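The values are calculated or read from the model by the stated rules, or taken from the named source; none is laboratory data. Note that this is a predicted model, so its numbers are computed, not measured. Virtual Cβ from ideal backbone geometry, glycine too; neighbours counted across all protein chains shown. Note: accessible area is taken over every heavy atom of the protein model, side chains too, but ligands, DNA and RNA are not part of it. Shrake-Rupley method; radii C 1.70, N 1.55, O 1.52, S 1.80 Å.
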Amino acid sequence: MTTTSIEVEVASTYPAETVFKVFNKFHDIAPKVSPQAFKSIEILEGDGGVGTIRLFTFGDDIPFASGKFKQDVIDASNFIYNYTFFEGDNLMGILDSINHHVKIVPSAEGGCVFKQTVIYNCKGDEKPPVDVLTFEKELYEKTYKAIEAYAAAHPEVYN
């Protein structure tokens, strides 16, 4: 089994605590700000905390129909949010799973850096094509920026 990964980093003027609160509402905000990427995100099992299983139904701009993920970690004191896709056509028939590790890192200026590491766990030696990895990295960056803009216009999301 091989792995490959991508790294996403986006600087923010918002404090880490605020960004973490907003990111924890990704399932509600993403379909509003990026319906072409995320048609819906619904809970299949659980209460939204660790262990919850959600179904992503992707929008028309995404070359996949759906994927299921399990919430692995929600650590509000360290601003960590991890989840694993374990089923769906987003695994492309070549992946066992996709691990997402999100960490919001406070910066000295009062803002933060949103950091996301995505690890693709391959069934064999075949890895996702570079164009898919590039597309996904750009999608994560655009989605983060859209969610941040939404939160700026709707402070009730994090208050």
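Across the stretch 104-116, in residue order, what do the Karplus-derived ³J(HN,Hα) couplings come to in whole Hz, using 6.51 cos²θ - 1.76 cosθ + 1.60 with θ = phi - 60° and x for Gly and Pro?
9, 9, x, 10, 4, 7, x, x, 6, 10, 7, 10, 9
What lysines does K39 reach when the alpha-carbon gap must be under 21 Å and sequence neighbours fewer than 8 apart in one chain are set aside?
K25, K68, K70, K137, K142, K145
Take every Cα pair under 8 Å in the chain that's 6+ residues apart, average their separations, divide by the length, and report that relative contact order as a whole percent.
Working: 327 pairs, mean separation 47.4, N = 159.
That works out to 30 percent.
List, in order, the whole-Hz ³J(HN,Hα) value for each residue of the stretch 78-93 obtained from phi through the Karplus relation with A = 6.51, B = -1.76, C = 1.60 and θ = phi - 60°; use x for Gly and Pro.
10, 6, 10, 9, 10, 8, 10, 6, 10, 7, x, 6, 5, 7, 6, x
Treating only the Cβ of Lys, Arg, Asp and Glu as charged (+1, +1, -1, -1), what charge dipole size does the chain show about its Cα centre? Round to the nearest 20 debye. Could the numbers behind the result be given before it?
Numbers: 14 positive and 23 negative charges, 34 e Å.
In total the dipole reaches around 160 debye.
Per the 1.4 Å probe, what fraction of the accessible area of the stretch 1-148, in percent, lies on carbon and sulfur atoms?
Details: 3760 of 7220 Å².
After summing per-atom areas, the C and S share lands at 52 percent.
Extending each Cα 7 Å along its Cβ direction at K123 and Q36, get the distance between those two points in nm, one decimal.
3.2 nm
Around L95, which amide H atoms from residues at least 5 apart in sequence, or from another chain, sit under 5 Å from its own amide H, with H modelled in the peptide plane?
For L95, the qualifying residues are K123.
Send over a whole-number figure in Å² for the accessible area per residue of the stretch 2-157, probe 1.4 Å. Numbers along the way, then the final one.
Numbers: 7550 Å² over 156 residues.
That works out to 48 Å² for each residue.
Just going by the charge dipole of the chain, with Lys and Arg at +1 and Asp and Glu at -1 on Cβ, which of T52, V22, T4 is farthest out on the positive end?
V22
What does the charge dipole of the stretch 1-55 about its Cα centre add up to, to the nearest 20 debye, if the Cβ of each Lys and Arg holds +1 and the Cβ of each Asp and Glu holds -1? Each step should come with its number before you reach the end.
Numbers: 5 positive and 7 negative charges, 41 e Å.
In debye, rounded to 20, the stretch 1-55 gives about 200.
Which of the GluC sites (Glu not before Pro) found in the stretch 108-138 are in a DSSP loop and have at most 16 neighbouring Cβ atoms, other than their own, within 10 Å? Don't skip to the answer; put the middle values down first.
Details: sites: E109, E126, E136, E138; in loops: E109, E126.
Hits after loop and neighbour filter: E109, E126.
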